[in-house]
There are 4 protein chains.
Amino acid sequence: MTINFRSDNESPAADAILSALQEANSGPAHAYADDDWSLQLNARFSELFGTETTVIPLSTGTAANSIALAAVTPPWGAVYCQRNAHVYTDESGAPEFYGNGLRLVPVEGDDGLIDRNAMMGLIRANTGHGVHSYAPSAVSLTQSTERGTVYTPEQIAAITGEAKKLGMATHMDGARFANAVASLDCHPADVTWKAGVEMLSFGASKNGCMAAEALLLFDHHDLRETAERLRKRSGHLLSKMRYVSAQLLAYIADGLWLELAANANRQAARFAFAVGAHPEARLEFPVEANEVFVSWSEDGFRQLEAAGIEFLMWPERDNLARFVFSHNTTDAETATLCKALEPHVGAA
Amino acid sequence: MTINFRSDNESPAADAILSALQEANSGPAHAYADDDWSLQLNARFSELFGTETTVIPLSTGTAANSIALAAVTPPWGAVYCQRNAHVYTDESGAPEFYGNGLRLVPVEGDDGLIDRNAMMGLIRANTGHGVHSYAPSAVSLTQSTERGTVYTPEQIAAITGEAKKLGMATHMDGARFANAVASLDCHPADVTWKAGVEMLSFGASKNGCMAAEALLLFDHHDLRETAERLRKRSGHLLSKMRYVSAQLLAYIADGLWLELAANANRQAARFAFAVGAHPEARLEFPVEANEVFVSWSEDGFRQLEAAGIEFLMWPERDNLARFVFSHNTTDAETATLCKALEPHVGAA
Amino acid sequence: MTINFRSDNESPAADAILSALQEANSGPAHAYADDDWSLQLNARFSELFGTETTVIPLSTGTAANSIALAAVTPPWGAVYCQRNAHVYTDESGAPEFYGNGLRLVPVEGDDGLIDRNAMMGLIRANTGHGVHSYAPSAVSLTQSTERGTVYTPEQIAAITGEAKKLGMATHMDGARFANAVASLDCHPADVTWKAGVEMLSFGASKNGCMAAEALLLFDHHDLRETAERLRKRSGHLLSKMRYVSAQLLAYIADGLWLELAANANRQAARFAFAVGAHPEARLEFPVEANEVFVSWSEDGFRQLEAAGIEFLMWPERDNLARFVFSHNTTDAETATLCKALEPHVGAA
Amino acid sequence: MTINFRSDNESPAADAILSALQEANSGPAHAYADDDWSLQLNARFSELFGTETTVIPLSTGTAANSIALAAVTPPWGAVYCQRNAHVYTDESGAPEFYGNGLRLVPVEGDDGLIDRNAMMGLIRANTGHGVHSYAPSAVSLTQSTERGTVYTPEQIAAITGEAKKLGMATHMDGARFANAVASLDCHPADVTWKAGVEMLSFGASKNGCMAAEALLLFDHHDLRETAERLRKRSGHLLSKMRYVSAQLLAYIADGLWLELAANANRQAARFAFAVGAHPEARLEFPVEANEVFVSWSEDGFRQLEAAGIEFLMWPERDNLARFVFSHNTTDAETATLCKALEPHVGAA
């Protein structure tokens, strides 16, 4: 029997999500997002965010990110993102595909966060030479980041503010948005439209859904047509969209999304505390959401594996591993993990 | 209370499919199609088709069609399809998008079928001028067709045979493949690889699934890598792919797919019989699967609407309507439809 | 010794063009179309056309056509053109490439001309289904046509008028524009902006230049930025653009372009007269510019070849040949051709 | 009266090139690179390089670079180049356009040279995660570099060797290839195919031609078809290609190309010597070809401008300027420049 801390992508769906699917599965419903569930999305998300919100339901975050970036960036435009951003390192060039060859420019920064000065330096270097240069078109932030850290509202506003001065669009990849909001214990508006974010890839699959994501527009609602064209043209307009929308509605109803994320964060924090107290293992990055990166010895990691703990070694350098906590991780599972970490428990 | 004959896209999922989702929703599973369900697909579909079959699970038919065509066609290549084919008229250019500007060439033909001579004439006209011309790269047939008709194995072989002589790849859009196989009462191999079809978009969503399709490769298994790259890059590699694969496995287990399709076909046939016996209404195309196109008067169609019948007027010309029968259409619903058709029932 | 009637593409440059190159070849000049020659283009072409004209110098007509169409058509848009249009049959999909997968829709019509009703029928068939359909975005006419015929101002206005009602952009492929204007003996404005044409691919290479074409914008001058981006991004922004612009300036100075075209047309007319008087050979299309399509017997064409006449057999059907007359075709050459046509001159 | 050191792109064509155009301008010639000049290219360049060479004549270096990289890189492939490479910073994304969204990865390195370790680190970081990662597909070196430095044969071989071990293709952007060969005083083979370079963008426009470049294939001659398709589809297959090919033939005949480059290099060296001896001005990079980057004071640069010297300020940082020497730069012009540099000459 093993316990899986490999990825929240590997968790099952929450019961409430399955029940929502079951309820949605009755009788006919208009196809192509013209059903009763999909037609409620704008109203429900507008309530949630406290501002008019246009919702484009989708089944993957890669589609949401790519549609967002392609909608605001010409083929000769550049999108600035952190070097470790999912759009840059894990989507096999989906933004470039949707964006007909747009360019992603990787920006340095500690702990998965974009360094504002580094971004401004790159923007200056790559523009100003007329048609020979790329046009700086958008910035994309990841919240929570690929390092398990979280931007504060002020940090977000500082970056989006610079971007807006240059006429650039602003996007947030929120594959783990719930974890960030739960961590900050803030209103979702505080880290999105109130902080200058115009478009949000709202993730739900990792945090308890089966396959449900959405592109949210807080601004530029006129991008809807372009986004819908891109969704259709990329094969993401599901005929039976009701099943995605029903997941999304159940996910944000009664605070379910934050409850699920809070559990994942709490379990991560417990493990982080254990690592912090460990004589050898070390936290690689601040633990602010549901991901914990640990530096340890090869023997140490073998000891965990021997205890039935599953996790991923991180390829950037030797002896770095990632542990991800999910909406359904139990106290018992985390306790087992923490216990396995203890010295002298015995190696393989 | 209305009865919906608008589209099989508007039907709910079959109970067995929901149960399969529920069963799959237990414990962790590796992400990105590396789960126990997805890893069974090749074996189960190979059994079903009686030949080695590579399966790429997907959530829409547009994605399956586009990945298939893009995998075998260079940007300067042409794909020949019937003028009414979904890839040509209903996908907003998805094949061109995935194929980096490949060209779809519409071929004339009666009843939704490709006319072989018309196809050969267009191939000749558009090639032979070196780099100035398009390279004829693939043919795509739709089975059952957009007109509700069905190709016989011989008709398929005749077209794929010509294509293969020219070094072209062969693809079948099987959005309603089950309806065709149920109609012909043949082995699925007979209208696919045995008839020269190398790639099949195997549809399941319309016939009882929620969102489950697959690209099947019977040949050129080396296309798998390209297909998987295109799936990832287009955002169609679901992290929790188990939920698509579980649907597909349940769909083809114990002949469920053919059972569901047979019901739809049977209901369509009953309605076709009623139309055939009607003094004014007329069948526009032979009824060989689950779609029935009816020519009638404006007053006639109003009479149906008044009886609570929902259907779609077909835009090509006046007074043409389409009725689609689904896996869950009941005898009672079809009986109500047939009754509403009868003369003197009274208008709205 | 042979005489070449294969294509005006095979003719050398006119002396005045070479002289212009020589004059331009003195001292340094700013690169990338910021030189004294390029900076004169807008003024000179505005004078020529009698309206404000934005000029984008280029070295091929394919680039001009593709940039024009891509600038006004989204990837999910359709461009309507005659079935024999160069953009459809001879550019290996360049418009689709520049336009990120836009669709060209071939329209039927006699003698190389777009049939307005056929175009409207196709527009209706391919639109109106929301994001599932293509958006009708542009119409492209060829003047003179690929059949050697010429649209009258009224014929052009009728087609552009329909297009504009639908919000479509209008483009003219003027690879042989000079031949059309010389033939109609009209002002160049009469068949362009006054007849509703917003963008013109102004051809010069075939009619006496080495490699000089231009995209002219009579309207939507704001497209200039997009067009210049596409020019750069496709590698068509020559560093030493002065040599293209110098050709263009010399070409339109003092009516040279019309003089050269008039000679080509006159020679074509002489040959057309001879064919018309011939007992067996037959003109396939009206001869209105510098191309003559002749139907004859295989023996007949052999007789011409034996007399040293070079021409191209046309692949659409047996025993059809094309003869093209150039800016430098001499009376003596045409006389030799006409003489070779005469019966009983002797076979191979 | 001013003297232009802004760019070799601003120089006129050499007399021998104009004469070649004049000679080529006689009588008809087959179109689309099927003329007598174009058909000689393979033989002449094979002699020059001492190995079988396939030549694709083109009119810009951007087209040559983009066609080369797109021919060997799938849309999900990555091309590694130096951060200052023209393909990365000055082509508005042409490689991404031709390559359907391929990715260029900027590699650090001093003096415009790729740092091999930096490249290997980036390759490792961006690959190995299956379809989620980019496939490392090609490396592109610039010779001479954008900093005016030159790779030795050993430096080239070290980088191409690593690339080949990983199955990557190797490309050289030789916009200033002649300057590099003249500088190294080596055989052109030594820094190309003998050093592991498979494809060369052979530049000629900057060094005495009007608009003449070529993509050379030393290996993978089967890429010719793809390259020719890309040339056609991008609008770079000139109908009257003889005029490009005639320039290329004249350029490499009798060592003209190296003679012209040697003059440019010699003038650059003289100026570099003067800068080196100057009390304040400083050479920013080693001067190994025909470009000289100078750090000085704002007042210093004003002093040069006052003396009629034209040059470009370099945007990366304050008070950095570039001086480029051309095939036709005279001793007198360079002497004037050196004199203007001298202290106490007096400010504007």
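The set of residues from region B:271-286 being within 17 Å of B:THR329 (Cα to Cα) and open to solvent by 40 Å² or more (accessible area, probe 1.4 Å) comprises just one member, B:PHE273.
Among the residues of this structure, D:ALA157 counts as one that is small (Gly, Ala, Ser) and over 21 Å from D:SER59 (Cα atoms). As a summary of the residue check, C:ALA321 satisfies the conditions (1) surrounded by fewer than 19 Cβ atoms within 10 Å (Cβ to Cβ); (2) in contact with a strand residue (DSSP E or B) (Cβ under 9 Å, 6 or more places away or on another chain) except for the one numbered (1). Looking at the structure I just gave you, is B:LYS194 open to solvent by less than 10 Å² (accessible area, probe 1.4 Å), out of contact with any Lys or Arg (no Cβ under 7 Å at 6 or more places or on another chain) and modelled with pLDDT of 95 or more? Taking the combined requirement at face value, the residue does not satisfy it. The C-beta contact set for region C:278-307 (first residue touching a residue at least 24 places away in the same chain (Cβ under 8 Å) and outside any helix (DSSP H, G or I), second residue hydroxyl-bearing (Ser, Thr, Tyr) and open to solvent by 20 Å² or more (accessible area, probe 1.4 Å), distance under 7 angstrom, 6+ apart or interchain) comprises C:GLU280/C:SER297; C:GLU288/C:SER183; C:ALA289/C:SER183. Screening region B:245-278 for residues that are touching an Asp or Glu at 6+ places or on another chain (Cβ under 8 Å) and under 30 Å from B:PRO28 (Cβ atoms) and picking the one that is farthest from the other protein chains (Cβ to nearest Cβ) gives B:SER245.
Within region B:118-133, does at least one residue satisfy the condition of being out of contact with any Gly (no Cβ under 6 Å at 6 or more places or on another chain), of a type in the set (Ser, Thr, Tyr) and either touching a residue at least 60 places away in the same chain (Cβ under 8 Å) or within 24 Å of C:HIS132 (Cβ to Cβ) (or both)? No, every residue in region B:118-133 fails to be out of contact with any Gly (no Cβ under 6 Å at 6 or more places or on another chain), of a type in the set (Ser, Thr, Tyr) and either touching a residue at least 60 places away in the same chain (Cβ under 8 Å) or within 24 Å of C:HIS132 (Cβ to Cβ) (or both).
Among the criteria (1) more than 14 Å from chain C (Cβ to nearest Cβ); (2) surrounded by fewer than 20 Cβ atoms within 10 Å (Cβ to Cβ), the one A:VAL150 does not fulfil is (2). Scanning region A:95-134 for residues that are aliphatic (A, V, I, L, M) and either farther than 16 Å from A:CYS81 by Cβ or facing another protein chain (nearest Cβ under 8 Å) (or both) turns up A:LEU102, A:LEU104, A:ALA125, A:VAL131.
Does C:THR89 satisfy the condition of being within 14 Å of chain D (Cβ to nearest Cβ) and open to solvent by 30 Å² or more (accessible area, probe 1.4 Å)? Yes: the conditions hold for C:THR89. The criterion of being open to solvent by 10 Å² or more (accessible area, probe 1.4 Å), in contact (Cβ under 8 Å) with a residue 40 or more places away in the chain and within 30 Å of B:THR60 (Cα to Cα) does not hold for C:PRO75.
On inspection, B:ALA178 qualifies as over 16 Å from B:VAL55 (Cα atoms), touching a Gly at 6+ places or on another chain (Cβ under 8 Å) and either touching a residue at least 12 places away in the same chain (Cβ under 8 Å) or open to solvent by less than 10 Å² (accessible area, probe 1.4 Å) (or both). Annotation for region D:178-191: no member residue is of a type in the set (Val, Ile, Thr) and over 17 Å from the mean Cα position of the chain (by Cα). In summary, D:ARG229 fulfils each of the numbered conditions (1) in contact (Cβ under 8 Å) with a residue 24 or more places away in the chain; (2) within 13 Å of chain C (Cβ to nearest Cβ) with the single exception of condition (1).
Kindly establish whether B:SER234 is closer than 27 Å to C:SER92 by Cβ, in contact with a Cys (Cβ under 8 Å, 6 or more places away or on another chain) and crowded, with 24+ Cβ neighbours inside 10 Å. Against the criterion (closer than 27 Å to C:SER92 by Cβ, in contact with a Cys (Cβ under 8 Å, 6 or more places away or on another chain) and crowded, with 24+ Cβ neighbours inside 10 Å), B:SER234 does not qualify.
Let's see how each residue does on (1) surrounded by fewer than 22 Cβ atoms within 10 Å (Cβ to Cβ); (2) modelled with pLDDT of 95 or more; (3) not aliphatic (A, V, I, L, M):
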| site | (1), (2), (3) |
| --- | --- |
| D:LYS164 | yes, yes, yes |
| D:ASP173 | no, yes, yes |
| D:ALA182 | no, yes, no |
| D:LEU200 | no, yes, no |
| D:LYS240 | no, yes, yes |
| D:VAL244 | no, yes, no |
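For region A:119-147, the tally of residues that are within 30 Å of A:GLU284 (Cα to Cα), in contact with a Phe, Trp or Tyr (Cβ under 9 Å, 6 or more places away or on another chain) and not aliphatic (A, V, I, L, M) stands at 6.
If you go through region A:1-53 and keep only what is more than 9 Å from chain B (Cβ to nearest Cβ), out of contact with any Gly (no Cβ under 8 Å at 6 or more places or on another chain), open to solvent by 10 Å² or more (accessible area, probe 1.4 Å) and not small (Gly, Ala, Ser), you end up with A:GLU23, A:ASP34, A:ASP36, A:TRP37, A:LEU39, A:GLN40, A:ASN42, A:ARG44, A:GLU47, A:LEU48, A:THR51, A:GLU52.
The values are calculated or read from the model by the stated rules, or taken from the named source; none is laboratory data. As the structure is a computational prediction, the values presented were derived from the model and not from experiment. Positions of Cβ are backbone-derived with ideal geometry, glycine not excepted, and every protein chain shown enters the neighbour counts. Surface accessibility is based on the protein's heavy atoms, side chains included, excluding ligands, DNA and RNA. Shrake-Rupley method; radii C 1.70, N 1.55, O 1.52, S 1.80 Å.
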